[in-house]
Structures are given as C-alpha cells and as structure tokens.
Amino acid sequence: MYGRLPIVKMLAAIVALTAAISAVMLSINWDGQEASTAASKIDDLLNVMIVISSFVFSLVVVALFYALWKFKAKPGDESDGEPIHGNTRLEIAWTLIPTIIVLFGGGYSWKVLDEIEKPAKNPLTVDVFSQQYAWSFGYPGKGNVWSQGELHVPVNRQIQFKMHAQDVIHSFWVPEWRIKKDNVPGITTTAIVTPDKVGTYQLVCTELCGFGHATMRAKVVVEPPGQFQKWVAGLKEKVPQPLAESVVQDTETNPAPLSAGGA
Amino acid sequence: MESATVALGHHAEEHHGPPEANQSSRIDKQTLGILLFIVSEVMLFGAFFASYFFLRVVVSPAAWPPHPYELPVPVAGVNTAILVSSSFTVHYALESIRRGNREGMKLGLLLTWMLGATFLFIQINEYVHLGFSARDLSFGSIFYCLTGLHGAHVFVGLMLLSFATIRAFRGHFGPKAEDHLGVEVPGIYWHFVDVMWIIVYVTVYIL
Amino acid sequence: MLAAIKRPGWTRGALGALAFAAFGFGLVISLRAISGLPLYQTEQTGYPHVIVPLILAPLGFLAGFGCFDYWLRWAAGAPTIPDDHSQHGAKTWKDYFRFNTDHKVIGIQYICTTFFFFFVGGLMAMLIRAELAQPGTQIVDAATYNSLFSTHAVLMIFVFVIPVFAGIANYVLPLMIGAPDMAFPRLNALSFWMLPLAGILFIGSFLAPGGAFDAGWTGYAPLSTGAPLGQSFFNLGVQFAGASSILTALNFLVTIITMRAPGMTFWRMPLLVWANLSTSLLVVAATPFIAGAQFMVLLDRLLHTNFFQFAAGGDVVSYQHIFWFYSHPAVYIMMLPGFGIVSEVISTHARKPIFGYRLMALALLGIVVLSYSVWAHHMFVSGMFSWLRVPMMLTTLLIAVPTGIKIFSWLGTLYFGKIHTYSTSMLFALAFIVTFTIGGISGVMLGMVPIDIHVTDTYFIVAHIHFVLFGGSVFTIFAGIYHWFPKMTGRMYDEKLGRVHFWGTLIGTWGTFVPMHWIGMDGMPRRVADYASQFGNWNLLISCFAFMLGAVQLIFLYNMIVSWRFGPRAPANPWRANSIEWQVSSPPPIFNFDEIPRVVGGPYEFGVPGARHAIMAGEGAEVPATEPSVVGSP
Ligand code: HEA
Ligand code: HEA
Ligand code: CUA
Ligand SMILES: [Cu+2]
C-alpha cells in the first residue's frame, strides 16, 4: 500500500546527530569549576542526561525533517495522505521506551542524591544566618564564634550547614559546590557539602528576598585545616544573643513553641 | 473535498433564534453546572484544610487548641444538629413540589431558610464570645478562616434559598423536572454546605 | 441622561464602580470610627480603606455593566423578558464593547483583550532585557526591576496565556461540537468581563504607594506578606482572573458533556475539544488552591492573621505547597489547549488522520492525573519534607511519557501524508514540536533532584520557562490565531508577513532563550537586576535577540489589524479541514447553524474514501446517520 521507510538510514542519522551534539555539548564545561565531592557526581549525571537528551532531540528532529523532506506535497497536489489511523506496536513502543529511560534517569538521580547527602562521621557544623541582605556564620563547635560576610571552611572535611533565616526566605548557593538550600524563617534547614578544592568562591543568594537580592553575596574561603584553625581562633565575637536564641527555637519541623505567646 | 463545503451563512438572517441544542447527556446543564461548581468549592475548602494540616500537624504545637483557648464543642454540636436538620427540610420542599404540593414546598423552603439563619446567628454569637481573634496565633487564624469560609457559604446558600423562596411565593415552579430546577439546584448547594459543615465541625472542634 | 444611567452599559458600569467603591470606603471608615481606631491605616501592608473599595468596585462595575441584570430579575421572580437576542452577534465594532452573550463575540473579546496584555507584558520584558543588557544599573533600580519581572510574568500567565486559550476555544469549540452557543452564555460573558478587571488591577498596582507588587509571580510568603500595598493588588487580581477561569472551565465542561451534536460521541470529538475538556478539569479542581493561597496572604497582610508568620505558629513552607498545588497544574492549563490546536493544524495540513487518536486523548487525561502529583518538584531545595523529593521526582519524570506520546503521534501523523507548509499556522505547529521538546527535556533535567539542586533559581529555569511557555504555549497560540483567523474575521491574513513573523519569532526565541541555559548553569541566579560581569557578553547577546523578538511581534500586530480590515475575503473552508466549524460560512452565521448538524464519523478522516465527519442541515439525507441521537453520556 505505502512505501517502507529507510529505518536503518534514519537510525544512522539519529545516532550520528546524537554523537555530534553530545560531542559538542560534553566538551563544554557547563557548570563551571568543580570544588566539592558532590560536584563531579552531579556533573556526571548531567552529562549522562545530555547524551540522553541529545538522543531524544535528534530523534525528534530527524523524524521531523525526514517527513518534511519526503512527504511534502507537490505544488498543486490537492490529494490526501494515506488514511493511516495508528499502529498499536509503535504506540506501545513509544510509551514503553521513554518510561524505561526516565525510570533509569530517576534511579540514577536517586543514587546520586543518596551519595551526596550521606552524613560523614566527623562533620563540622556551621550555622548560617541570613537576613536582608547579609550573610553571617557561626561556628558552634568552636565556642560559637561568628563571622560576618565571610565564610571559611576547611578542605576535605564534610561541613553540615544549619541554615536560619531572620526575616524572609533566602537561599544559599555556592555554584562551584553545586549545592543549594533555602534558608527558611522559623525552621532549620541543612545542607551537606564536602569541599575538595582550596580556593575563594562566592556565596550567592538565589531566592528573591527584596531589592537587595542581587547583591546579597558573601565570600567563601576553602583552606587547609591548619589555616582554618588559625582563622577561627582569630574570631573574637560570639554569635549575638538574639540569633543564638533563634537557633534554639528553630527545629527542622517546628517553628516555635505555639503556647509561648500571642502575636 | 471542496464540494463538501456548504456555506450556510445567507440563511441566517431569516431566523429569529438559535436552533435547539442537542441534549447529548442525561444530566441537565444546571445540575451538572452546580455539581462542577461544588467540586471547585470543595477544592477551595481543600486549600484551607491543607493549611490546617500544616499548622496543626506539621508545625505540631504542644497543644491544640493551644492553652488557654477553648472551643465550645457542645454549643457547636447543637448548631450542627440545626444545620443538618435543614438538609431534611430542603429535601422535603423538593419532594413536595415533585408531587405538586406547593404549600409543602413553601413550608420546606421557609423552614430551611430559618434553620440556616439560626445557624449563622449562633455562629456569629459564638465568635463574639470566644475570647480570641483571628490574630491570635495560627490557631486563631485557621479557626476563623475555616469556620468563616463556611459561614460565607451558608450566607450564599441563604441567598440562593431566598431566591427560591421568593419565587415559590410568587407562584413559580411546578412538578415537572425542568420546572423546579430553581429549587433543586439551590437544594444541592445547600446539601453541600451541610456536608461541608460536618467535615469542618469534626476537624476543627472534635479531632 | 437618565436613560443612560438606567440602561446597562459603560455609564452605569462606571457609576456602579464608583458607588460600590464609595460604599466600601464609607464602610471601612465608619467601622473604624465606631471602634475608636484611627480612620486610616497606612502602615505598609494594611490600607483597608483602599482594599475594600478595590474588591467592591469591580463588582459594582460588573453589576452596572449589566452582568447580573437577568439573574436579578430571575431571582426576584419577576417575569423574565423574552430574549430578543440583542445581546447576540456583533454588527459594528461597538458591539464588542458591550455585554454580549454570543460565544463568537466573547471569543474575539477574549483574544483582543489578552493580546493587549501580551504586548504590555512584552514591553515589560523589553525593559527587563534593557536593564540586563549590561552588568550594573542601566535604566531602573533594583526595586522597580523586581516589579517589572513580577508584573511581566503575571500578565503573561494570568491574563494572556490562560485566557487566550479560553478565547480561542470559546470561538471554535461550540462550532466544533455542533452547539449553537455555550451552555451558559450569560456566565460566559461574566467570565470575560472579569478578565480586564484583573488585568487593570495588575497594571494599576504601579500606582500604589511603594510600587507594583515585586515578590515574583510566585509571591512567596513571608516576602509577600510584608510587601507594600501593590502586593494586595496581585492578591485581588488573581481572585478575579481565577474566578473567571473557573467559571469558563465549568462552562466548557457542561457544554462538552451536554451539548454535542447527535452522533458526536466522545471518540469522535476533535482533539481540541478533548484538550479543553482536560484543561477544564484541571482548572475546576486546581484553581481554587491559588485563590486560597492568595486569600491567606491577603488576610495576613490586612488582618494580621498568622498563616505564614512563624513567630505565631504559622508555617512558611505551607504557602509553597498550596501555591504549587495549583501552579504546577497551571503550567498544563497553559499547554494542553495548545496541544489541541497543534493536533488540528497538523492533521489538516498533512492531510492525514491523527496518528493514534485514542492514545492522544488518553495521554491528555494521563497528564491531567499526573499533574496533581508533582507539585513539590518546585520545592526540592525549599526545606520541605525531604522524603517527598524522590516520589515527586519519579512522578515528574513520568510526565515525559504521555507528553512524548503526543510528540511522537504528531510526527506519526506527518508520515505518508501530503504536508503543506504554505500556512503560517503549520510552520508554527512544526516549530512548536522541536522547541517544546527542548523545553520539555530541560524540564526532565529539572525533575532530577541533584541537577535541580544546582540549577534551581538560576537562568536555567528562566530558559526552561520560556522554552515551554514561549516556544510551547505562545507558538501554539500563534498557530491557532493564524489557523482560525479566516474563520473569525472572514478575511485572509497576509502569508508573506506571516512568514516573516514566523522566522523572526523562531530565531528570536532560540537566540534569546538558548544561552540562558548556559549562564544559568554557570552561576547566574534569576530575579537579579545586576550580575557578575563575566555574564555581560552573553546577556548583551540575549538582549539583542530579545529586541528582535519583540520587533517582529509588531509585524504580527500589523498583519492582524490590516488583514482584518482590508484582507481578501476568506472562503468557508480555506484549509480544506473536516471539522464542523469549517463547514459553515466565514465568519459563521449569527446562530452558528440553521439546524444542528449530524455527526457520522471521526473528525480527521482525510484520505478515507467516502468518509464524512458531519452532515450539515440542508444537505441530502442520503448519508444515513448510524448513531442514536443520545450517545456517550457520561
Ligand atoms: C507551559 C508550561 C510548562 C510546561 C509544559 C512544563 C513542563 C515540564 N516542566 Fe516546567 N515549569 C514551568 C512551565 C512549564 N513546565 C514554569 C513556568 C516553571 C517555573 C516556575 C517558577 O519558578 O517561576 C517551571 C519549572 C519547572 C521545575 C522546577 C524548577 C525549579 O524551580 O527548580 C521543574 C522540575 O521538575 C519542571 C519540570 C517540568 C517537566 C518534567 C515538564 C514536562 O511536562 C515536560 C514533558 C515534555 C517532554 C519531556 C518533551 C517531549 C517528550 C519526548 C520527546 C519523549 C521522550 C523524552 C524523554 C525520554 C526524556 N518545571
Ligand atoms: C507566557 C509567558 C511568558 C512570555 C510570553 C514571556 C516572554 C518573554 N520573557 Fe518572560 N517570564 C515569564 C513568562 C513569560 N515570558 C515568567 C513566568 C517569568 C518568571 C518571573 C518570575 O521570576 O517571577 C519570566 C521572567 C523573565 C525573565 C527573567 C527575569 C528575572 O528572573 O530576572 C526574562 C529576562 O530576560 C524574561 C524575558 C522575556 C522575553 C524577552 C520575552 C519575549 O518573548 C517577549 C516578546 C514580546 C514582546 C516584546 C511584545 C511585543 C512588542 C512590543 C510591545 C513592542 C515593543 C517592542 C520593542 C521596543 C522592540 N522573562
Ligand atoms: Cu537573600 Cu535573595
Ligand atoms: Cu511544575
């Protein structure tokens, strides 16, 4: 009734296009520098997704352009196409194959998520305080000293950031670490990072928090443990009393003892 | 293909109204409409119940209602009984007109209206005597919003019932199914308001 | 003069608005006086003497304009006036500015109003891009910038994309299913008139002290609960837009279920009808959630309740749950009708039946069901319950499956067809397939928690948004407008200008939004007026493409206006389509049909010998109707 499609040639074109797109895309370092143990895992996941996505995209593009090239009506041709209503096997195939692909992607992501959030034995806890429009950091294990606008952490040691927002939601992001977490008023949120490259980075606020949102930044220094100890020892001020109190009141799920008082 | 295209435009001017639409389902428009509207109302309550869940279960305050607030559970229980009974009177009104009993319909509608108004009155009275306001903790906020949202629905229901009552006393409505939609549709809405109250009462006062 | 006041219309509408506003103002002031409070409360978030009149004035306008006249007479039991159909049809352009119950007039009212808001929102996008063209401050300060992108997004979403689909469907859907009008014509008109009111509230917020709302279109608490007065305009506008879309959806559902022509079973409905059925299910059940969320914010602002005030036992994250429980389905509310349009266009211009019609319809319903189970994918880093992330990730990824079915079935429709690309609508439909696929794929990446942790709240999201909303929704809107332009206006548009618009839009879209993926991954957060200088060159490039994208929209505007006025007369069925709306004249007669047509086959039977979709009145009875007259009742 109607002709056959050059399936093999089309597949070859799809594979070739996938390879070409992937090659270009993988050669570019999309996420920028990697500076934590999580970064390489997330970037690997991203790269796998780039290949899969290139494939899906190539499939759609090749299929579309082949159809446009082959089945374009000649000028003046007023006739209709073949009255094909469907093909059950094909329809099952394009339901099942994407299901398998996304379930694979889901499983892989789950594994990565588990790995990057696994707590280590001896982490360093750092309190993060955010307010419109400034960051400050407390070191509860070091006599609760605090530092304003500058975060120092030792390299190659897991850091557990406990985040506390004073007014509205802010979000903690160091692009090179690939880790981001909202700071929510009333609750403590946690982010786990193991920095593995010494250097100076920027902490960016990524949740809209008012007119100063764009400039709410802080300096992040990752340094060898010895240097870090020296820096902490040099900190004189303690976390101010109101902030320290707010930390006690915050819990992961419980904002404040409800019977404590009226509005 | 082109030949199959029939332009019907020029006949239109001679007609004085639209053609009768085909009825493609057993359910009539008004009833389906009010049912869908109720779905959307249920979801509106759903948003506030979701908030209730977060404030009570997720935040999990030490006590609920928080010390020293108390809810008048028995009074509200009596009020619940009043509202629930009005579901029966509105049903009676509908059944009456189905059987052609106009007086029964009028009586049923009037009774329903009065029961509903009583409910609303007692509810407002309760607000006045509660001793806390919507500004008092999240508890006060969600209490007033859930019961207030429901109260607003009682109010709307009463408006619809007033329309039906006025029309009933002016001689509208008849036993045929399409002649008493004006009683049936407010009735459906009223049943919804009642059922919703039972859910609100159980969640807010009892659980 | 008195007559003008009594007659429903603009004068009475304006008076109604004034009267209701004055009443609200008086109410607030006197209540405050009685309670011994200061008459005016002007602390940042309060302003009850502004808010209450703002709620009442639109209602007063609607009442004065004549939206409730019939119902009030009915409610009072007064004898109803026999309908003289004076509210039907449009003879002059003035009739488009009246309370009109004709679904065709309402459809055009919708489309014109929403495109007005598209251009206003687009103008704001141009200002955004001008500000971002270089690092540092260019034209606006940071606070104004926040207002700009917030109003940009809100106008585009709530008073452009969502309602324009309602407008297109309003026009064609009753014709398609062989109904003389919508099920509730007066409700339909009321829904329409709420829409400009919402838009005016959104734009009017620029006049509020403290500036327009600036907490983003998502309006997260507690930023929104503490924001200046403009935020309340947003809270209120959403109520009007939301009520409008709920009532329209209800109207569509009742129309589709109870008013199909004899023989039009569910499996014979065009996919546009299926798409609007699915969308309406989403709207009816999801929209109340955003109404609820914005109510709570309004109450927190106005009455100082504590829904989101953590110090008094409120829950900050609960706002996001309630908001996204609506707003994720909302993204499909903005996409499914487009899927319907594309199905019509592709099948017609490829001269082939839709490939896998039933699976296409089922995929729509699958998306509806799934879309209620994925809301928390916007909250992966929000500090919500961490156990919810993996289940939400899996459901999110699964949405790719029904969507993929649709993409592949459109491609399947093209094979062994006779593809015509002379129409701009077909070009947009084909471009949509590719562009939307990219947006969908970036969506799938966002669905993966580890990737989302890195890129959420960066320009990667902005890229995703615009690929799905511009390359997805707006492309399908353009396809639909070009496709039904001849039907709606009775004139042909200029294909040459259409092509220029198409290529400009395609290149503009890709040029503007592709680089955003990259700068996002590389570290540029979204919603910032200023950024690190390393992104300067990319942003300049993006802005240039954006200006081009904006400029070609002016060509579209010109084409539409001039063709509507001077274009060549359109035949009844210029695209040789099968569905019923093409079997009546262009524009269709005032009551659509002399007699309801009979449906005897599927809507896309191209190339099937002797197949027919519908038999119009006045045609020979030689083709027997095989179906009983009441079929497929739910
Ligand atoms: C029209 C609107 C629209 C549509 C259709 C979509 C579709 C999708 N979106 Fe998107 N989304 C938005 C509008 C839309 N989105 C908006 C406005 C936001 C931002 C809100 C804000 O914060 O301001 C957002 C944000 C957003 C986020 C949150 C990001 C964040 O803030 O951190 C996520 C995360 O999961 C997401 C995912 C998805 C997915 C998985 C789809 C899927 O439905 C896509 C499915 C389609 C395909 C996958 C392509 C076709 C399929 C195939 C060709 C089959 C084969 C494919 C595979 C095997 C992969 N979207
Ligand atoms: C349907 C929805 C929709 C549409 C169509 C658009 C269209 C456009 N959007 Fe928008 N956008 C959103 C929905 C949409 N957007 C959303 C939801 C957000 C998130 C907001 C938030 O974070 O809260 C957003 C945010 C957003 C940002 C990010 C702001 C930020 O995070 O800081 C940017 C930046 O470039 C942007 C740009 C554009 C551009 C250039 C267009 C263009 O495509 C517009 C093209 C159209 C026109 C230009 C109109 C026609 C022309 C004229 C009016 C004449 C004037 C022309 C000239 C002077 C040349 N948008
Ligand atoms: Cu803090 Cu943005
Ligand atoms: Cu979503």
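The values are calculated or read from the model by the stated rules, or taken from the named source; none is laboratory data. Quick caveat, the model's predicted, so the values are computed rather than measured. As a convention, Cβ positions derive from the backbone with ideal geometry for all residues, glycine included, and neighbour counts pool all protein chains shown. Side chains included, ligands, DNA and RNA excluded: accessible areas come from the protein's heavy atoms. Shrake-Rupley method; radii C 1.70, N 1.55, O 1.52, S 1.80 Å.
What number goes with the only condition from (1) more than 14 Å from chain C (Cβ to nearest Cβ); (2) touching a residue at least 40 places away in the same chain (Cβ under 8 Å); (3) closer than 21 Å to A:Thr200 by Cβ that A:Ile159 does not pass?
(2)
Kindly provide the set of residues from the stretch B:114-148 that are within 14 Å of another protein chain (Cβ to nearest Cβ), modelled with pLDDT of 90 or more and touching a Leu at 6+ places or on another chain (Cβ under 6 Å), ordered by number.
The answer is B:Ile142, and nothing else.
For C:Phe233, state whether it is without any contact (Cβ under 8 Å) to a residue 60 or more places away in the chain, assigned by TED's automatic domain parsing to the domain that holds C:Ile111 and either under 20 Å from C:Arg301 (Cβ atoms) or within 20 Å of the chain's Cα centre (by Cα) (or both).
no
Of the numbered conditions (1) open to solvent by 10 Å² or more (accessible area, probe 1.4 Å); (2) within 18 Å of B:Val195 (Cα to Cα), B:Phe119 satisfies every one except a single condition; which is it?
(1)
Tell me the residue from A:Trp135, A:Trp146 that is part of a strand (DSSP E or B) and at pLDDT below 90, please.
Just a single option satisfies the conditions, and that option is A:Trp146.
Step by step: first the residues of the stretch C:400-411, then only those that are more than 7 Å from chain A (Cβ to nearest Cβ) and open to solvent by 10 Å² or more (accessible area, probe 1.4 Å), then the one that is nearest to ligand 3 (Cβ to nearest atom). Which residue is that?
Out of the qualifying residues, it is C:Thr403.
Return yes or no: is C:Ala529 closer than 22 Å to C:Phe460 by Cβ and either modelled with pLDDT under 90 or crowded, with 20+ Cβ neighbours inside 10 Å (or both)?
Criteria met by C:Ala529.
If only one of C:Ser371, C:Ser318, C:Ser347 is crowded, with 24+ Cβ neighbours inside 10 Å, within 15 Å of ligand 1 (Cβ to nearest atom) and either within 11 Å of chain B (Cβ to nearest Cβ) or in contact (Cβ under 8 Å) with a residue 24 or more places away in the chain (or both), which one is it?
After ruling out the rest, the residue left standing is C:Ser371.
Between C:Lys94, C:Lys104, which is in the same structural domain as C:Phe192 (by TED's automatic domain parsing) and open to solvent by 10 Å² or more (accessible area, probe 1.4 Å)?
Among C:Lys94, C:Lys104, only C:Lys104 is in the same structural domain as C:Phe192 (by TED's automatic domain parsing) and open to solvent by 10 Å² or more (accessible area, probe 1.4 Å).
Among the residues of the stretch A:209-229, what is the count of those that are open to solvent by less than 10 Å² (accessible area, probe 1.4 Å) and either in a strand (DSSP E or B) or near ligand 3 (Cβ under 10 Å from one of its atoms) (or both)?
Looking only at that region, the number is 7.
Within the stretch A:164-216, restricting attention to residues that are among the polar types (S, T, N, Q) and more than 21 Å from A:Ser246 (Cα to Cα), which residue is farthest from ligand 1 (Cβ to nearest atom)?
Out of the qualifying residues, it is A:Thr200.
Evaluate the following for C:Phe485: is it surrounded by 22 or more Cβ atoms within 10 Å (Cβ to Cβ), within 15 Å of ligand 2 (Cβ to nearest atom) and among the aromatic types (Phe, Trp, Tyr)?
When the stated conditions are applied, C:Phe485 does not pass them.
Among the candidates A:Val61, A:Val126, A:Val112, which residue alone is more than 25 Å from C:Gly440 (Cβ to Cβ) and either touching an Asp or Glu at 6+ places or on another chain (Cβ under 8 Å) or among the β-branched types (Val, Ile, Thr) (or both)?
Only one candidate passes the filter, namely A:Val126.
Conditions tested, residue by residue: (1) open to solvent by 60 Å² or more (accessible area, probe 1.4 Å); (2) hydroxyl-bearing (Ser, Thr, Tyr); (3) touching a His at 6+ places or on another chain (Cβ under 6 Å); (4) away from chain C (no Cβ under 11 Å).
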| site | (1), (2), (3), (4) |
| --- | --- |
| B:Leu44 | no, no, no, no |
| B:Phe53 | yes, no, no, no |
| B:Pro72 | no, no, no, yes |
| B:Gly77 | no, no, no, yes |
| B:His91 | yes, no, no, yes |
| B:Gly100 | no, no, no, yes |
| B:Met105 | no, no, no, yes |
| B:Gly108 | no, no, no, yes |
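Only one of (1) modelled with pLDDT of 90 or more; (2) more than 7 Å from chain C (Cβ to nearest Cβ); (3) within 28 Å of C:Ser191 (Cβ to Cβ) fails for B:Glu20. Which number is that?
(1)
Please return the ranges of helices (runs of 4 or more DSSP H) entirely within the stretch B:99-207 where 2 or more residues are among the hydroxyl-bearing types (Ser, Thr, Tyr).
Fully inside the stretch B:99-207 and qualifying: B:102-130, B:137-169.
Select, from C:Pro228, C:Pro222, the only residue that is assigned to a loop (DSSP other than H, G, I, E, B), within 14 Å of chain B (Cβ to nearest Cβ) and open to solvent by 10 Å² or more (accessible area, probe 1.4 Å).
Only one candidate qualifies: C:Pro222.
Given the stretch C:132-205, what helices (runs of 4 or more DSSP H) lie entirely inside it while holding 3 or more residues that are open to solvent by 20 Å² or more (accessible area, probe 1.4 Å)?
Here the list reads C:142-156, C:185-204.
Yes/no matrix, rows are residues, columns are (1) of a type outside the set (A, V, I, L, M, F, W, C); (2) more than 8 Å from chain C (Cβ to nearest Cβ):
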{"position": "A:Gln132", "(1), (2)": "yes, yes"}
{"position": "A:Val145", "(1), (2)": "no, yes"}
{"position": "A:Ala165", "(1), (2)": "no, yes"}
{"position": "A:Val184", "(1), (2)": "no, no"}
{"position": "A:Gly199", "(1), (2)": "yes, yes"}
{"position": "A:Cys205", "(1), (2)": "no, no"}
{"position": "A:Phe228", "(1), (2)": "no, yes"}
{"position": "A:Gly234", "(1), (2)": "yes, yes"}
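Considering (1) within 16 Å of ligand 4 (Cβ to nearest atom); (2) at the interface with chain A (Cβ under 7 Å from one of its Cβ atoms); (3) closer than 19 Å to C:Ala363 by Cα; (4) of a type outside the set (A, V, I, L, M, F, W, C), say which one C:Asp457 fails and leave the rest.
So the condition that C:Asp457 fails would be (3).
Could we say that A:Asp167 is over 22 Å from the mean Cα position of the chain (by Cα) and either acidic (Asp, Glu) or under 25 Å from C:Ile519 (Cα atoms) (or both) here?
Against the criterion (over 22 Å from the mean Cα position of the chain (by Cα) and either acidic (Asp, Glu) or under 25 Å from C:Ile519 (Cα atoms) (or both)), A:Asp167 qualifies.
Those residues that are in contact with a Gly (Cβ under 7 Å, 6 or more places away or on another chain) and either small (Gly, Ala, Ser) or in a loop (DSSP other than H, G, I, E, B) (or both), I need them from the stretch C:259-300; list them, please.
Within the stretch C:259-300, C:Arg260, C:Ala261, C:Met264, C:Thr265, C:Ala275, C:Ala291 meet the criteria.
Select, from C:Ile399, C:Ile438, C:Ile419, the only residue that is in contact with a Lys or Arg (Cβ under 9 Å, 6 or more places away or on another chain) and among the aliphatic types (A, V, I, L, M).
C:Ile419
For C:Ile433, indicate whether it is in contact (Cβ under 8 Å) with a residue 60 or more places away in the chain, within 21 Å of the chain's Cα centre (by Cα) and within 16 Å of ligand 2 (Cβ to nearest atom).
no
Of all residues in the stretch A:62-106, how many are more than 7 Å from chain C (Cβ to nearest Cβ), open to solvent by 30 Å² or more (accessible area, probe 1.4 Å) and in contact (Cβ under 8 Å) with a residue 12 or more places away in the chain?
2
Restricting to the stretch C:413-436, name every residue that is surrounded by fewer than 24 Cβ atoms within 10 Å (Cβ to Cβ) and closer than 18 Å to A:Gly86 by Cα.
Result: C:Tyr415, C:Phe416, C:Lys418, C:Ile419.
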